[in-house]
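See structure below.
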There are 2 protein chains.
Amino acid sequence: MGAFGAGSSVEGNFSAPHSGITIEFTHMDKILAFHPDDLDVVVQPGVNLVNLNNEIKDSGLLLPLDPSPTAMIGGMVSTNCSGTNAMRYGNMKDWAINLTVVLADGRVVKTRRRPRKTSAGYNLTGFFVGAEGTLGLVTEITLKLAPIPQDTSVAIVSFPRVRAAITAASRIIRSGIQLAAFELMDDVQMQVVNRHGSAAVKIRKWEEEPTLFMKFSGTTDAIKSDIKRVQELIKNEKPGPLHFAKPKLEELDLWAARKEALFTMVSTRKEGNVLWSTDVAVPLSRLAVIIGENISKDECSKLGIFGTVTGHVGDTAMFYDPHNAEQKAAVKKVVDDMMHRALEMDGTVSGEHAIGIGKKDCLVEELGQGTIDFMKTLKRAADPKHAALWLLNPGKVFDLPHST
Amino acid sequence: MGAFGAGSSVEGNFSAPHSGITIEFTHMDKILAFHPDDLDVVVQPGVNLVNLNNEIKDSGLLLPLDPSPTAMIGGMVSTNCSGTNAMRYGNMKDWAINLTVVLADGRVVKTRRRPRKTSAGYNLTGFFVGAEGTLGLVTEITLKLAPIPQDTSVAIVSFPRVRAAITAASRIIRSGIQLAAFELMDDVQMQVVNRHGSAAVKIRKWEEEPTLFMKFSGTTDAIKSDIKRVQELIKNEKPGPLHFAKPKLEELDLWAARKEALFTMVSTRKEGNVLWSTDVAVPLSRLAVIIGENISKDECSKLGIFGTVTGHVGDTAMFYDPHNAEQKAAVKKVVDDMMHRALEMDGTVSGEHAIGIGKKDCLVEELGQGTIDFMKTLKRAADPKHAALWLLNPGKVFDLPHST
C-alpha cells in the first residue's frame, strides 16, 4: 500500500463534494480473517507485522519476513519488503496471495482468490506489490503464513577480512543449507555492539572484525547437522570460533543487536549529524568486490564521516553533518559511486527499499529507457488522468507527466 | 514465452515486406550464459528443462521445477509452471530473475538486471510470467538456480481413505517439514501402476488405496530426522507401512511412476478414447472435500468413463469416447462441476496449466468483471493494435476485441 509509509496511518472522515458520499478513514489496522487450516490471514494495510505475528502465534504460524519492527503490512507490500530472513523466505511478493485494490477510477478489484498457487489470468498481485502505490491503493491483503520452526539457533563467527567472510558465506549458500537468516556486520558495526549493545550482548567483548550472523532453523536434529556442515565449509577462511547464543534470551538479544544496529548508530551519532543509507544489491559473486570497495574508511575518517556496511545486501549507512558541504558532497559521492558500481556489476540500486523520489534518476540507468517507457505505459493505463497530475502516489518512481 | 507451447519450436527465415529486414528463426534452444558463482543461467525459451539440468549438473546446481519432462523453459514461463516440486520450490515466477521481451511495437526490453532481489521499479518479470505470451514475446530468460540437495529419499504410504491421506498431508504441511515434493495418487492410479508400471516399480504389488508420495531432501541427517517426525504426525490416520525406495534407481522409478502416471494412462486407454484433464486448486483446508467430491466413481463406471484423481492440486483425468455424446456431456459436467465447486471454495480453475482457450469463461466467474476489465486494460496498453486483432497470442486468456 503505497500511500502509507511503513510507519504512518490516517483517520477521519471525508465528504466528497456534491457526491453525497462520505468516506471514513480509519487506521486500517484490523486483522479481517484468519484461516489457520489454510495457512493464511487477511489483513488491512495498517497492521503492524510484529503485532500480527503476536496475535496469531498460538496457531504455530507466522509471516516470516523480518524487516524493522516498525513495518506495517501496507508499506511492506508497497516496497516488496524483505529483511533479515530474505535468504530463506524471500520477499513480500512471495507471501501476498491476493490484494484488494482501489483503482484510479474508483473501482475496487481483488487480484485473485485464495489457493496457494494459480495460473488463472495475469499476475496482478505481483503487479501491485512493489509498485509503491502508484498503480492502485491496496486496502486488503491476504498473506500466506509459514509454520513457526520447531527450533532455531543463532551463531556468530568472525573473519580476519571482509573478503574471507564473503567467501565463507558464498560457500554456505552454494551448499544448499537453508539458513533462516544470514547477515554480515563489519568491524565498525561490531564496535558499536561492544560499546552500546544491551547487557545480554555485552556478556563478552566481541572481536571487532567482519562477522557473519547466522540463524539456523528447523528440527533440532537438522540444525545440529547443518552446523556441522557449516563448520566444514568455512574452515579454510581462518574463522574465529563459532559462538552460539546458548540461552534463548541471548539468541534474541544477539539478533536484536544486528537488527537494531542502525537504530543504535542513530542514537549514538554526533549531535546534529544525519544519516544517509542505501541498499544496492549485486549478483552473489560480486558481493566481496562491492563491499570491499563501497566505503573507503580512510577517506571517511579524514572527512569526519562515520560510515559502516551491514546487512544482507550491500546496505551502507553513513552519518554526516548536513551543514558541512564538504562532508555532504563526499557522502553523496560515496553513494553515487556505489550505485554506479552496482549497475556495472549487473546489480540494482535498490535491493529492497524501493525507488521513491531519491532514486528515480538511477532507474533509467539501471533498466534502460525502453523498459522505463513500458513501465510508464502501464502506469498511464492504470492511472489515466495524466493531463496534469497523476492520482496515485504522484511523483514516486516516475516524474509527473508534465515535468517530463 | 507464449508463442511456443511446452513442446513446439520454429525455425526458418522471414522477410518483412518492404522493410529490408530479414528475421531469422531458430529453435532458440541455446544456453547463452552460465554463472555458477551467481547461481544463475541465461537461456533461450526453446531450451528443454531436462536438457538444461543435464548440461549444468556438474556445477552442483539445478532449476528445481519438475513438470513433464517435455517442458521447455519458454512454455514454463508462459504458464507460470510448477510441477511435483512446487511444495518446496514454488513455481516459475519464483525462479525467473529477468526476461528479455519483444513488445508489440517491436521494442526489445529487459525486465531487470541480475541480482537475486530488487525493488527497483515495477515487477515486470512477474508481469510477463504466466501471461501466456499475450503481453510480449519472451526471447531470453535469466533463471535462478538452486544447489542440488546433498541427499534425497522417496517414501510412499497408503491410507484407507482419501480423507485420511489428506488429513495426514495437511498435518505434515502445518509441521513446517519442507518436503521437496508431495503427491497424492488415488486407488485407480495405483491400479495403473500395478498393471502397467515399469519392472522396477513392480517389485511388489502396491496397495490399491489412496497413497501419498513424499520426496525428502537435504542433508542425510536432516532427512532421517524429518522421516521420524512424519511417522509421528500421520500415525492417527491408520497409515499402511512407510515404504522407502532403497536403491537410488528404485527411487527414480517410483517417482517416474507418479510423474508418468498420465502417460501410462494415455498409453493404456481404450482405442479411440480421448483425455480430458483439469487442474483446479483450492485453499488447503478444502482439499479433502473437493477431492472426495470431484469424481463420482459409480457414475463414471456406469457411463464407461475411466476417471482418476492425482497430483499436487486437484488434477483430474478422465478418458472417454469423443463420439459418445452421453459420455462427452458427462465428462464436461464433471469438469464444470469441479471448477464451480473450486470457485465456491475460494479456489482457482487453474492451479498451473493456465487459461488458454478452454477456460476463458471461468476466468470471469473466478475473478469478477472488474478484475478482468483491469487485466484487459493492461492487455490493451501492452498490445495497442486492437482495431481488429491483437498481435500477441491473440484469443488466448481473453477473447479478441472484435468478438466482445
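The values are calculated or read from the model by the stated rules, or taken from the named source; none is laboratory data. Since the structure is predicted, the reported quantities are computational estimates derived from the model, not experimental observations. Using ideal geometry, Cβ is built from the backbone for each residue, glycine included, and neighbour counts are taken over all protein chains shown. These area figures cover heavy atoms from the full protein model, side chains too; ligands, DNA and RNA do not enter into them. Shrake-Rupley method; radii C 1.70, N 1.55, O 1.52, S 1.80 Å.
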Got at least one residue in region B:128-145 being in a strand (DSSP E or B), within 12 Å of another protein chain (Cβ to nearest Cβ) and in contact with a strand residue (DSSP E or B) (Cβ under 6 Å, 6 or more places away or on another chain)? yes
Looking at (1) at pLDDT 85 or above; (2) at the interface with chain A (Cβ under 7 Å from one of its Cβ atoms); (3) farther than 26 Å from A:Gly351 by Cα, which is the only condition B:Ser153 fails? (2)
Take the residues in region B:197-224 that are open to solvent by less than 40 Å² (accessible area, probe 1.4 Å), part of a loop (DSSP other than H, G, I, E, B) and hydrophobic (A, V, I, L, M, F, W, C); name whichever of them is modelled with the lowest pLDDT. B:Ala200
For the structure I just gave you, tell me whether A:Asn53 is free of Cβ contacts under 8 Å to residues at least 12 places away in the same chain and more than 7 Å from every other protein chain (Cβ to nearest Cβ). yes
Are any residues in region A:340-381 basic (Lys, Arg) and open to solvent by 10 Å² or more (accessible area, probe 1.4 Å), and if so, which ones? A:Arg341, A:Lys359, A:Lys360, A:Lys376, A:Arg380
State all residues of region B:279-299 that are assigned to a helix (DSSP H, G or I) and at pLDDT 65 or above; if no residue qualifies, say none. B:Leu284, B:Ser285, B:Arg286, B:Leu287, B:Ala288, B:Val289, B:Ile290, B:Ile291
Of the numbered conditions (1) at pLDDT below 70; (2) assigned by the TED database to the domain that holds A:Asp186; (3) surrounded by 19 or more Cβ atoms within 10 Å (Cβ to Cβ), A:Ala245 satisfies every one except a single condition; which is it? (1)
Identify, please: which residue in region A:382-397 is among the hydrophobic types (A, V, I, L, M, F, W, C) and open to solvent by 40 Å² or more (accessible area, probe 1.4 Å) and is, among those, nearest to B:Ala104 (Cα to Cα)? A:Ala387
Restricting attention to helices (runs of 4 or more DSSP H) lying wholly within region A:1-89, give those where 2 or more residues are open to solvent by less than 10 Å² (accessible area, probe 1.4 Å) and modelled with pLDDT of 95 or more. A:49-56, A:73-79
Residue that is nearest to the other protein chains (Cβ to nearest Cβ) [pool: residues in region B:115-126 that are modelled with pLDDT of 85 or more and closer than 22 Å to B:Val41 by Cβ]: B:Gly126
Looking at A:Ile97, is it assigned to a strand (DSSP E or B), open to solvent by less than 30 Å² (accessible area, probe 1.4 Å) and in contact with a strand residue (DSSP E or B) (Cβ under 9 Å, 6 or more places away or on another chain)? yes
Among the residues of region B:330-379 satisfying the criterion of being under 21 Å from B:Gly136 (Cβ atoms) and more than 7 Å from chain A (Cβ to nearest Cβ), which is farthest from the chain's Cα centre (by Cα)? B:Asp373
Looking at region A:174-184, is at least one residue buried (at least 21 other Cβ atoms within 10 Å of the Cβ), within 11 Å of chain B (Cβ to nearest Cβ), at negative phi and over 21 Å from the mean Cα position of the chain (by Cα)? yes
Look at region A:322-339 and say how many of its residues are crowded, with 16+ Cβ neighbours inside 10 Å and in a loop (DSSP other than H, G, I, E, B). 1
Residue check: is A:Gly121 open to solvent by less than 40 Å² (accessible area, probe 1.4 Å) and under 23 Å from the mean Cα position of the chain (by Cα)? no
Of all residues in region A:177-192, which are in contact with a helix residue (DSSP H, G or I) (Cβ under 7 Å, 6 or more places away or on another chain) and over 12 Å from A:Ile156 (Cα atoms)? A:Ile177, A:Gln178, A:Leu179, A:Ala180, A:Asp186, A:Gln189, A:Val192
